[in-house]
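J.: I have a structure here, written as structure tokens, and I will follow up with some questions on it.
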Amino acid sequence: MIKILHTADIHLDSPLKSLALKYDDLRTTIQTATRTAFTRIVDTALFEDVSALLISGDLFDGSERSAKTAAFLTTQLDRLKAASIPVFYIKGNHDAENPITGEVNFPENVHVFDGHGGRVQIGNLGVWVHGVSFSGRHAPESLLRKFGAPEPDAINIAMLHTSLAGSEGHDIYAPCSLSELTVMGFDYWALGHIHKRKVHSNAPWIVMPGIPQGRDIGEAGAKSATLITIENNKDISVSEVLTSAAEFIDAKLALDGFKTDDELRRAIHTVIQDSAANLTSDAGLLRLTLIGNSPRRWQILRDQDNWCEIVAELAQGTGKIWVEKVRFDLQPGTRDTDTDAPAVAELGHLMREVQAELGFRSELAVSFEAILAEIPKERRARLAPDEEAAAALVKRLSDTGAETILAAMKGTVE
């Protein structure tokens, strides 16, 4: 039996983007999460006595320089060297723009494929690893032509950092189709770049392992690496190995039918307890969105600060869930009218008139563009992938602000 561990998109020392950093007892876990994930990958390699570790690109993150990052990485790779475990590494787009990649003196057990491509046998096993690195920051064309033919009468693993045919939230890099990969004769494609894990095929195996540590709410859920098992020199199977230190949780709670604060508190408590029970990482970063058509919408919006504190208190009681954010996305209930509040109704009418004015909309758009420019590129693409989505987001933010003001003035709905 031969075991090989496959990972990608480690983005070592990339900061996690979360409001939960405000919690002192969580800060260290968040700040060291990518290192913890990589340490767990090395731990697994040692525990499973793997024959090799494959890193399919984006070991580093962008252009950040850090001698501490290099020192940490070398220490972990030395652990594998001491166990005679080789590491095969291809550079992805983030590695190509990171100056550390040219400064780290990798231990001799690490083989870095270059932009010309190549193949290496794993020891004296009948397993060959093929790989091609990014030679620059961009790879707008397919890299498949740089792969040589598979070795006959052997297991052939190909490492490629690629966006495949494209994926939402990811730029196009080294594009190719699944059908192109299938016909090239390799037994296992060890892919990287797209952060969501997916097994595209098992004949041949085409595996995107996903990011081993989620970095924001857009990468919610437990993260992992992929353990490859080869039996009888031909039969391949794969399994997940959990790696994430902190796990983003995106939960929604529908408020339809809740008539009292006690009912709502119990429902929130249930959501948090379920999140804690299902948690596989050390810490859970919860984003809770309250949705639905509630007759108590104005009350909840008016008292949203109080509800945020209640959610935080209930989460703290679990000892492993922290609140990333509480969102309010409630629809008006059947009794949600302004008939008994003429002054509030008039204010609402005036605000709607202002929101409809061209000058106001233009000023909002300018302010939004200024804020958007300060947001990291990947997050920006998810928030506003095009002009239409940006306009819809601006309108939603404007509407939410107006509703919050009205809610504070309206008073209690009986």
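The values are calculated or read from the model by the stated rules, or taken from the named source; none is laboratory data. Please read all numbers here as calculations on a predicted model, not as lab measurements. As a convention, Cβ positions derive from the backbone with ideal geometry for all residues, glycine included, and neighbour counts pool all protein chains shown. Each accessible area value is taken on the protein alone, full model and side chains, heavy atoms only, with ligands, DNA and RNA left out. Shrake-Rupley method; radii C 1.70, N 1.55, O 1.52, S 1.80 Å.
J.: Can you name every residue in the range 257-279 that is assigned to a loop (DSSP other than H, G, I, E, B) and at pLDDT below 95?
T.: Correct list: Gly257, Phe258, Lys259, Thr260.
J.: Looking at Ala389, Ala365, Ala341, which is the one that is over 24 Å from Arg215 (Cβ atoms), at pLDDT 75 or above and open to solvent by less than 60 Å² (accessible area, probe 1.4 Å)?
T.: Unique residue meeting the criteria: Ala365.
J.: Consider His170 carefully, then state whether it is open to solvent by less than 70 Å² (accessible area, probe 1.4 Å) and modelled with pLDDT of 90 or more.
T.: So His170 fails the test.
J.: OK, next. Looking at the range 205-250, which of its residues are without any contact (Cβ under 8 Å) to a residue 40 or more places away in the chain and of a type in the set (Asp, Glu)?
T.: If the condition is that a residue be without any contact (Cβ under 8 Å) to a residue 40 or more places away in the chain and of a type in the set (Asp, Glu), then Glu219, Asp235, Glu247, Asp250 are the ones that fit.
J.: Another question about this same structure. Kindly list the number of the only condition in (1) surrounded by 12 or more Cβ atoms within 10 Å (Cβ to Cβ); (2) in a helix (DSSP H, G or I) that fails for Ala370.
T.: Failed condition: (1).
J.: Which is under 27 Å from Thr34 (Cα atoms) and open to solvent by 50 Å² or more (accessible area, probe 1.4 Å), of Gly319, Gly284?
T.: Gly319
J.: Next up: Go through the residues of the range 73-96 one by one and say whether even a single one is part of a loop (DSSP other than H, G, I, E, B), modelled with pLDDT under 85 and either under 25 Å from the mean Cα position of the chain (by Cα) or hydroxyl-bearing (Ser, Thr, Tyr) (or both).
T.: No: the range 73-96 contains no residue that is part of a loop (DSSP other than H, G, I, E, B), modelled with pLDDT under 85 and either under 25 Å from the mean Cα position of the chain (by Cα) or hydroxyl-bearing (Ser, Thr, Tyr) (or both).
J.: Which residues, counting only those in the range 131-161, are open to solvent by less than 30 Å² (accessible area, probe 1.4 Å) and closer than 21 Å to Asn232 by Cα?
T.: Ala154, Ile155, Asn156, Ile157, Ala158
J.: Still on this structure, please answer the following. Identify the residue in the range 97-114 that is modelled with pLDDT of 90 or more and open to solvent by less than 30 Å² (accessible area, probe 1.4 Å) and, among all such residues, is farthest from Ser142 (Cα to Cα).
T.: Within the range 97-114, the match that is farthest from Ser142 (Cα to Cα) is Pro107.
J.: Would you call Thr182 under 27 Å from Gly218 (Cβ atoms) and free of Cβ contacts under 8 Å to residues at least 40 places away in the same chain?
T.: Answer is no for this residue.
J.: Turning to a different aspect of this structure: Name every residue in the range 19-75 that is farther than 18 Å from Ala246 by Cβ, free of Cβ contacts under 8 Å to residues at least 12 places away in the same chain and aliphatic (A, V, I, L, M), in order of residue number.
T.: Listed by number, the residues that qualify are Ala67, Ala71.
J.: Right, something else. Give just the number: which of (1) of a type in the set (Ser, Thr, Tyr); (2) surrounded by 19 or more Cβ atoms within 10 Å (Cβ to Cβ); (3) over 30 Å from Ile157 (Cα atoms) does Thr289 not satisfy?
T.: Here Thr289 meets the rest and fails (2).
J.: Continuing with the same structure: Restricting attention to the range 205-220, which residues are open to solvent by 20 Å² or more (accessible area, probe 1.4 Å) and over 8 Å from the mean Cα position of the chain (by Cα)?
T.: Within the range 205-220, Trp205 is the sole residue that qualifies.
J.: I'd like to check something: does the range 44-52 contain any residue that is touching a strand residue (DSSP E or B) at 6+ places or on another chain (Cβ under 9 Å), under 28 Å from Tyr173 (Cβ atoms) and in a loop (DSSP other than H, G, I, E, B)?
T.: Yes, there is a match, as at least one residue in the range 44-52 is touching a strand residue (DSSP E or B) at 6+ places or on another chain (Cβ under 9 Å), under 28 Å from Tyr173 (Cβ atoms) and in a loop (DSSP other than H, G, I, E, B).
J.: Further question: Out of (1) assigned to a helix (DSSP H, G or I); (2) open to solvent by 90 Å² or more (accessible area, probe 1.4 Å); (3) modelled with pLDDT under 75, the odd one out for Leu397 is which?
T.: With respect to (1) assigned to a helix (DSSP H, G or I); (2) open to solvent by 90 Å² or more (accessible area, probe 1.4 Å); (3) modelled with pLDDT under 75, Leu397 is out only on (3).
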